[in-house]
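Asker: Have a look at this one.
The values are calculated or read from the model by the stated rules, or taken from the named source; none is laboratory data. In this text, all values refer to a predicted model and were calculated from it rather than measured experimentally. Cβ: placed from backbone, ideal geometry, glycine included. Neighbour counts: every protein chain shown.
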Amino acid sequence: RAAPSPKMMENKVFLSFTFYSTILIIKMYIVAIITGQVRLRKKAFANPEDALRNGGLQYYREDPDVERCRRRGSLLGRSNLIPLFRAHRNDMENIFPFLFLGAIYSLLDPSPTVARIHFFIFCVGRIIHTIAYLLQLKAPTRSVAYGVAQLPCFSMALQILLATTPYW
């Protein structure tokens, strides 16, 4: 028999939030792993100690495939161009606020169905945004995915503010 679960794990909204958040964290790990693999393949390391371990300080350099710069390079020999490091940074700028908003929103006792829709839309929007970012899909795919993913965040933020305004 399983041990009794903490109260939080009986909250359907929090469980849904946990599910979608975990998918997004795994997606971030995948982008980070791809970035690391491209760094190894291109021998372009961000830290001198990594460069020394992989051939010498001459590999302590930027490469357009993996850096934050505006230039872009190819991934795995494909003609599609991919700014990996920027994709990873973009994830952090958008997913971390979702993690905060979603966790607090889960405590407000919203409708489980409405909450699940919020989490699902954000998750799918971010996955499409990453695919569009990495494969440089035609505009406005990435912008639309970004905008759609921001709608549930704005909704959750507004509901949090409305719920907490009396305590200001």
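Asker: If I ask for residues that are out of contact with any helix residue (DSSP H, G or I) (no Cβ under 9 Å at 6 or more places or on another chain) and not polar (S, T, N, Q), which ones from the stretch 89-113 would you list?
Answerer: ARG89, GLU93, PHE96, PHE100
Asker: Considering every residue within the stretch 136-145, establish whether at least one is in contact (Cβ under 8 Å) with a residue 40 or more places away in the chain and not in a helix (DSSP H, G or I).
Answerer: yes
Asker: Same structure, new question: Assigned to a helix (DSSP H, G or I), crowded, with 19+ Cβ neighbours inside 10 Å and modelled with pLDDT of 95 or more: is that true of PHE14 in this structure?
Answerer: yes
Asker: State the number of residues belonging to the stretch 58-101 that are of a type in the set (S, T, N, Q), at pLDDT 50 or above and either in a loop (DSSP other than H, G, I, E, B) or under 20 Å from the mean Cα position of the chain (by Cα) (or both).
Answerer: 2
Asker: Of these, ILE104, ILE160, which one is in a helix (DSSP H, G or I) and under 19 Å from the mean Cα position of the chain (by Cα)?
Answerer: That would be ILE104, the only listed residue that is in a helix (DSSP H, G or I) and under 19 Å from the mean Cα position of the chain (by Cα).
Asker: Could I ask something else about it? Which condition from (1) within 20 Å of THR35 (Cβ to Cβ); (2) of a type outside the set (Asp, Glu); (3) surrounded by 15 or more Cβ atoms within 10 Å (Cβ to Cβ) is the one that PRO110 breaks?
Answerer: Status for PRO110: all satisfied but (1).
Asker: Okay, moving on. Being surrounded by fewer than 14 Cβ atoms within 10 Å (Cβ to Cβ) and at positive phi is the filter; apply it to the stretch 34-57 and report the residue that is modelled with the highest pLDDT.
Answerer: The residue in question is GLY55.
Asker: Which of the residues that make up the stretch 96-107 are surrounded by fewer than 17 Cβ atoms within 10 Å (Cβ to Cβ) and not β-branched (Val, Ile, Thr)?
Answerer: PHE96, PRO97, LEU99, PHE100, ALA103, LEU107
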